[in-house]
Amino acid sequence: MNLYRTLLRPMLFRLDAETAHHGTVETCRWLAAVPGVAALSRTILEKQFPILESDVAGLHFENPIGLAAGWDKSGRALRMIDSMGFGFAEIGSVSARPSHGNPRPRLFRLIADQAIIVNYGLPNDGAQVVADRLAAHRPRHPLGVNIVKTNDGLNAPACSDDEILADYERSATLLHRHASYLSLNLSCPNAKGGKDFFAQPGAIARLLERLTPLRIACPVFLKISPRDDPAEHDRVLMECDAFPFVCGFCFNLPGGKPETLALATRRDALNDQPGAVAGKPVEALINRCIAGLYSRMDQRRYVVIGAGGVFTAEDAYLKLRLGASLVQIYTALIYNGPGIVKQICLGLVELMKRDGFESLSQVIGSAHHAATPLQTKSP
Ligand SMILES: Cc1cc2nc3c(=O)[nH]c(=O)nc-3n(C[C@H](O)[C@H](O)[C@H](O)COP(=O)(O)O)c2cc1C
């Protein structure tokens with residue numbers, strides 16, 4: 001019996017989505033401080049799978065399934081997320097200054113679509129507070145920190161280019177020594193100053209130039225817009241070329257509710273639910289982006305982290321086969337609970353055995369050289 005789905009989820013889904021989110025994070029923070037609880041969680045949720053171990057970007061991963069950015073925005077439940085069976089976790093997005101994000105309500109469930117609509121607008125405690133929390137924590141698994149430009153609110157005056165770049169620079173300065181990797185969120189769909197700026201040719205290179213003197217101590221990933229466009233992939237790759245500290249990419253959510261997302265919910269029912277869609281409806285788009293970028297990038301230098309609509313081992317396996325070296329989940333955790341991580345890992349082991357793979361490195365990108373390449377579902 002799945003305790004989460006039968007007992008916990010019905011209680012959480014009675015609360016509004018944001019209250020349930022904060023309540024869960026705070027409960028995890030509090031529970032991890034109770035002696036024995038983190039160890040008990042590890043006993044239940046963690047399992048070693050030697051075939052799922054891999055080394056990516058100089059880091060060792062016990063399994064390829066990670067927690068995506070946005071669940072623990074300010075590193076409040078670090079101990080617990082380290083004990084939930086994940087091979088790695090990413091906290092954030094964290095900005096140079098604390099932010100309240102967008103006005104409420106800003107998080108909605110789309111149950112028929114196994115989706116969440118998110119319009120948080122990057123609320124977080126700010127880089128200094130998060131750096132202090134990280135300094136007091138010794139992670140057992142790689143811990144990424146996702147950084148983003150501060151959201152000063154809907155009515156804040158527009159920032160200059162220099163202010164945008166300085167914001168990332170300050171966060172990176174404070175956080176890079178405490179992170180296993182940094183993820184630069186260049187594409188938040190719900191805040192000004194990020195996505196529009198980095199859509200301009202040359203803007204990514206300007207940021208990377210600005211960060212070069214910091215001699216960032218860990219690998220750096222870029223979280224970019226999910227544009228299924230070879231020319232856009234080439235632009236991003238070209239802008240990163242001269243900056244060896246960039247080691248890979250992840251795709252963010254698309255802004256709003258583009259027609260390419262197959263939604264079961266009627267679109268006019270979503271008029272009062274602003275924000276981006278996460279979960280099952282984005283899976284096909286993100287998979288096309290992963291496959292497209294993987295086929296164009298230098299695979300000896302770059303890796304892809306795949307996030308978007310992963311609910312099952314088959315979903316994760318497909319992302320790996322299309323070219324992702326690591327996979328993140330978020331929405332599936334809301335719908336299926338933390339047991340899903342071990343379930344996905346167990347399923348991955350079975351799928352690899354079925355197909356005769358002996359290591360993850362054989363799986364990654366294998367769809368591109370299979371006799372009959374896998375198709376990424378089109379909406
Ligand atoms: C409630 C919520 C908040 C999120 N906040 C962030 C964020 O602060 N920074 C970020 O880079 N991505 C954020 N994301 C995007 C996730 O990291 C992930 O890329 C996306 O949800 C796709 O994965 P999923 O389909 O498994 O949810 C958020 C997603 C959700 C659902």
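The values are calculated or read from the model by the stated rules, or taken from the named source; none is laboratory data. Only a predicted model underlies this, so the values are computations on that prediction, with no experimental measurement involved. Please note: Cβ atoms are built from the backbone with ideal geometry, for glycine as well, and neighbour counts cover all protein chains shown. Please note that ligands, DNA and RNA were not included when accessible areas were found on the heavy atoms of the full protein model with its side chains. Shrake-Rupley method; radii C 1.70, N 1.55, O 1.52, S 1.80 Å.
Residue pairs, Cβ under 6 Å, 6 or more apart or interchain, first in region 138-155 and under 19 Å from Leu182 (Cβ atoms), second basic (Lys, Arg) and open to solvent by 20 Å² or more (accessible area, probe 1.4 Å). List them.
Thr150/Arg97
Of the residues Pro226, Pro254, Pro244, Pro201, which single one is in a loop (DSSP other than H, G, I, E, B), out of contact with any strand residue (DSSP E or B) (no Cβ under 6 Å at 6 or more places or on another chain) and surrounded by 14 or more Cβ atoms within 10 Å (Cβ to Cβ)? Write out each step before concluding.
Numbers: Pro226 fails: out of contact with any strand residue (DSSP E or B) (no Cβ under 6 Å at 6 or more places or on another chain); Pro244 fails: surrounded by 14 or more Cβ atoms within 10 Å (Cβ to Cβ); Pro201 fails: surrounded by 14 or more Cβ atoms within 10 Å (Cβ to Cβ).
After applying the criteria, what remains is Pro254.
For Gln114, only one of the following conditions fails: (1) within 30 Å of Glu62 (Cα to Cα); (2) open to solvent by less than 10 Å² (accessible area, probe 1.4 Å); (3) within 13 Å of the ligand (Cβ to nearest atom); (4) touching a Phe, Trp or Tyr at 6+ places or on another chain (Cβ under 7 Å). What is its number?
Status for Gln114: all satisfied but (2).
Out of curiosity, is Gly153 within 13 Å of the ligand (Cβ to nearest atom) and not in a strand (DSSP E or B)?
Working: within 13 Å of the ligand (Cβ to nearest atom): no; not in a strand (DSSP E or B): yes.
In short, no.
Which pairs do you get when a residue that is farther than 18 Å from Gly70 by Cα, found in region 260-286, comes within reach of a residue that is of a type in the set (Ser, Thr, Tyr), reach meaning Cβ atoms under 7 angstrom, with the pair 6+ apart or on two chains?
The qualifying pairs are Ala284/Thr376; Ala284/Ser378; Leu285/Thr260.
Could you list, ordered by first residue, the pairs with Cβ atoms under 8 Å in which the first is in region 117-131 and more than 14 Å from the ligand (Cβ to nearest atom) and the second is part of a loop (DSSP other than H, G, I, E, B) and modelled with pLDDT of 95 or more, at least 6 apart or interchain?
Cβ pairs passing all conditions: Val129/Ser74; Val129/Pro98.
Looking at (1) within 22 Å of Ala276 (Cβ to Cβ); (2) part of a loop (DSSP other than H, G, I, E, B), which one does Gln48 not meet, given that it meets all the others?
Going through (1) within 22 Å of Ala276 (Cβ to Cβ); (2) part of a loop (DSSP other than H, G, I, E, B) one by one, Gln48 breaks only (1).
Mind counting the residues in region 174-188 that are more than 16 Å from the ligand (Cβ to nearest atom) and in contact with a helix residue (DSSP H, G or I) (Cβ under 6 Å, 6 or more places away or on another chain)?
Summing the residues that are more than 16 Å from the ligand (Cβ to nearest atom) and in contact with a helix residue (DSSP H, G or I) (Cβ under 6 Å, 6 or more places away or on another chain) in region 174-188 gives 2.
Confirm whether Ile147 is within 11 Å of the ligand (Cβ to nearest atom), closer than 24 Å to Gln200 by Cβ and touching a helix residue (DSSP H, G or I) at 6+ places or on another chain (Cβ under 8 Å).
Values: within 11 Å of the ligand (Cβ to nearest atom): yes; closer than 24 Å to Gln200 by Cβ: yes; touching a helix residue (DSSP H, G or I) at 6+ places or on another chain (Cβ under 8 Å): yes.
In short, yes.
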